[in-house]
Structures are given as C-alpha cells and as structure tokens.
1. Grab the beta carbon distance between I294 and E28, set R0 = 60 Å, and tell me the FRET efficiency rounded to 0.05.
2. Can you put T503, T224 in order of accessible area, largest first, using a 1.4 Å probe?
3. If Lys and Arg each add +1 and Asp and Glu each add -1, what is the summed charge of the other residues whose beta carbon sits under 14 Å from the beta carbon of V61?
4. Separation between the H499 and C86 pseudo-spin-labels, each 7 Å from Cα along Cα→Cβ, expressed in nm?
5. Using a Förster distance of 41 angstrom, determine the FRET efficiency expected from the C-beta separation of R218 and L490, and round it to 0.05.
6. Around G308, what is the net charge, scoring Lys/Arg as +1 and Asp/Glu as -1 over all other residues with Cβ under 9 Å from its Cβ?
7. Please tell me which of these pairs span more than 24 angstrom C-alpha to C-alpha: K72/K146; K72/K154; K120/K140?
8. Please give the contour-minus-distance gain from N287 to E113: 0.36 nm per residue of separation, less the Cα-Cα distance, rounded to one decimal in nm.
Amino acid sequence: MVIDAIRDVSGALLGFAKITRDRTEQHETEQALRRSEQHFRLLVNGVTDYALYMLDPEGNVTSWNPGAERIKGYCPEEIIGRRFDCFYGEDDRQAGIPQRSLDTALAEGRYEEERQQMRKDGSRFWANIVIDPVFDESGKLLGFAKITRDITDKRRAQEELERARDELIQSQKMESLGQLTGGVAHDFNNLLTVILGGLQLLERQLPRDNEKVQTIWRNALEATRRGAQLTQRMLAFARKQRLFPQPIQLPVLLRDMSELLVSSLGPTISLETRFPLQLDCVMSDQNQLELAIINLATNARDAMPSGGSITFSARHELVDAEQGGKLAPGNYVCLAVTDSGQGMDEETLRRAAEPFFTTKATGKGTGLGLSIVHGLAQQQGGALQLRSSPGLGTTVEIWLPAVKAKPEPEAPAYAPQDTAQVEPNGPLGLRVLVVDDDALVLAGTSALLADLGCQVARSDSARAALLLLEQSTYDLMITDFAMPDMDGMLLIEQVRQSHPALTCVLTTGYAGRLDSLADSLLRLPKPFDRDQLLALLLQVKHAG
C-alpha cells in the first residue's frame, strides 16, 4: 500500500490518495527463495564427505563448508580470503596447475581431474576435483564453484584389486610354466638316461692311449651329469619332484653341512648359527632342503661382494585359522637365513621369487634359486617369506611343518653295494623284463642290462608286459611310470596280484601321481647310470 497526502495551493489538507497493489504472488516467491537459500545452506553445511566452496574470479576462497574443513583441515577463518593454490604441492604450483585448472574451467565450462592435494598439516591425499565457472544473468563471471572429494581409499582399493589381478595372472603363468617345465624335464630325463648309459657303454670301446678321445668322452659325461642336475632343479621348481619327507633336526643338518658351506662360500663369508636349545624337527625331504639351504647361502654370498656374514636361525611358529592365509593352521618351524648384504628395493623384492628373474650379471645365475626354494616349501606344506631393505641386508625364511618325532635314517631307494667286486661283464644271471614306451630308453636300458650279464626281455607297453609275464618267468621287472595305456603303478599293482614273488622296480624322472604304494617299492630315478643300475641288480640278486 502507498498513501499520499493531497493539499491545495495554500497547503490545506484536502484528503489522501491511496494505492493498493496485490503482491501476494511476489511475496510467496520471495519467501520460497529465502527457504531455498536456507535449504541450500543447510545442504552445503550438512555435507561432510565433499569439500564444497566458492572461489572469486581471482581464485580466492569466499565460502567454506564443514566437509572442506574435515577433508583439508582448515577452519573458515583460516582459509577464506586465501588463494586456493595452497591446496596444491610446490611442484604443482611451480607448474602452474592451479591457474591452469581455472582457465580450463572458464574455457570449456568444466574442469575435472584426479590429483594429489595438500592438507593443512602438509599430508597428501588423492582428490577428485571438479571446478565450474559461475556467471550472473548478464554473463559476468562471479567466480568458481569447486568440489573436492577424498578418493584415497578408493584408489588404494583399486590398487589392491590390480595387484590381486596381477598376482592371479602371475599365478596362472607360473602354473602353466610349471606344467611345461615338468613335461620338458620328464622328456629330457629320458634322453639323458639314454645318453648317460650310451656313454658308459662306449667307455670300454675307446682307445685308452688316446688322451684327446678320453677328454672328449669325459667332457660329454660331465655335461650329461650337469644336464641331470638341471632337470632336478626344473622339477623342483615345477613341484613335480618326487619328495620323501622325513623328520629332520635343523641344527644337526646345518652342522653336517657346515664344511660344505664354508668351502663353497669362500673365506670372506663368516657363518653363524642361532638355534634354541629345544627345537622341533621339520618334515621335509633332506636332499631338497639341503639344496634350498645351499641356494639361499649362495644368493646371500653374491649379495656381499666384499664379504660379510650369514646367520642361520630358527624359531617355532603357531599358525591359527585366522592368520593362516597360505599356511594351514598348525605348528611350524621357521628357518631364517640372514645376510649383511646390500639388500633389495621394493620392486626387486616383489619379483625375487619369480623364475629366471635375477639381478646378477649375465652368466652368473639362472634366476631359479628362490623359485626352487619357493616350490619346495609349498610342495611340503610350508611357505617362503622374504624381508629386505636397501643397505640393510636380506632375510629369507622357510616355513616348514613341525613334528615332535626324532629323525630316522631314510631307507635308500636301493641299498649301496660294493660294485668293485663285480666284473664289468660278469654274469649276474638275472632275467629282467624292461617296460618303457620310449624306444630309445628301452634300447639303452636293455643294452646296459645285457652288458651287466642279464637276460633281457623288452616291452613298449604295460599290456604287452602282462602278456610276456604269462609266457615266461622273470626275476625282476623294471618299468617306467608315465606310459599312455597303463602307468607303471597300475602295472605293478596287477603284477603283484598275479606274480607276488616278482621284484618290481619303478623308474621315473617325473612324479606326476605317485601314491603311497610307491613308498614300498624299489625306485630307480631317471636319469640313472651304470653304477646305479648295477647296485640295484646286486640288491635284487642278494635278496633272491
């Protein structure tokens, strides 16, 4: 309402002019606007997961919500009026990132990125940043609306997911590589068996007075033996090695190995052992555990080119269901090998157990050492753990199941005999059936047996061998394990039922599947040489 007084020329009051305008709609609009602004302020102030604030055209902070205070650490009175580039690191400020973000938002209508930002206390966090320019009705720039969200946990979860995916891919790759390695080692063992036997048969045909020929023969024989050692390493890595776990006392094992370790590592390396007075035995294959210890000691020596110390220690560990992880709940003994060497950085430590990964110079290492130890530990129900820092040395731990039983000497695959008492071509008089699907192995083994004075029959399959056993009598059957129609274990099971008096020997260089029946069998590991075969024949002869 508007009321005006109306007067004449002399100033006398004539009356009033009253104007009334209906402003109901405008009043409701203003009230609604005030309620909207209030709700918006409540909304902005109620958001604590996002930093919501305004910047003026120059980039100075003009408003500040509780979310911004929680995420960045500034109170409103500490930050309002300051330029927003204080949220960026010095390197970003030097690169002009803050101003570039405003320029991009103004030019493109929006700016968004993920970048590390600074809190008030100087700590960094990963932030999702969104900047929008704000204009009035006339198009004049009023400032910028900036939204920041802390995505540190999201990025950490994403990194963990990517790491888990990489580990899965690596695990699948390792499994495939292990299967390939096991198959290659199996075939290679067959070839080495033929080569080794052939070289030993050839020995007596060579001229003794020709040193050059003798040298070539010795080199070939040594190369064959090295090839056999390589296949054993490949099988250990692939976890296809046939293991014979037994209770082992670690202090006794290290004591017996001390002379070998001292001579192998050299005078610049000092060795120390730290074992508790009471220490459980570990359940492990002694030969493979010795190989693992030598590998770890050699790696430790190579990490100390100027010399240093290696410490062998052990402790008891109890793993329960909650902390088990890769280990089954139970009691373990942890054998630790610690060196004072140069240590490893995080990336090297992460890849240290990968096959063929090595930091040594070309020709100085195969990169299989830790892979073999890792395969051994996992195959026997344990685990391999590594700790290292640059300049602070490395500790490698082998966790193996603990047992209370005292160690007992392992029965050898065949009893050692004095082979020197047997003439090279002396008649042993044994009738032997050789079963192998590999023609070369079959011919080579038969030739060795014949040279040792045996009567030999050959069969290239298990089913053909069963037919021969029905037709003739034999003192000994030597059969391969991996055969296509029927494997050696099934063959021996059937032979034991129909010919219980027949001595059976299983020969294999690849574990594949060997059940408990194999523990009661005589075994001849591939590749085998003439002396091993002779010792086996003598054992069978004397037992008969």
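The values are calculated or read from the model by the stated rules, or taken from the named source; none is laboratory data. No experiment lies behind these values; they were computed from the predicted model shown. Note that we place each Cβ from the backbone using ideal geometry, even for glycine, and neighbour counts take in every protein chain shown. Accessible surface areas use protein heavy atoms only, side chains included; no ligands, DNA or RNA. Shrake-Rupley method; radii C 1.70, N 1.55, O 1.52, S 1.80 Å.
1. Details: r = 91 Å, r/R0 = 1.51.
That gives a FRET efficiency of 0.10.
2. Listed by decreasing accessible area, they come as T503, T224.
3. Values: positive: K72, R82, R83, K120, K146; negative: D56, E58, E69, E77, E78, D85.
Local charge sum for V61: -1.
4. A separation of 9.4 nm, rounded to one decimal place.
5. Working: r = 41 Å, r/R0 = 0.99.
Efficiency, from the Cβ-Cβ distance: 0.50.
6. Residues near G308 contribute 0 overall.
7. Too far apart for the 24 Å limit: K120/K140.
8. Numbers: separation 174, 0.36 × 174 = 62.64 nm, distance 5.77 nm.
Between N287 and E113, full extension yields an extra 56.9 nm.
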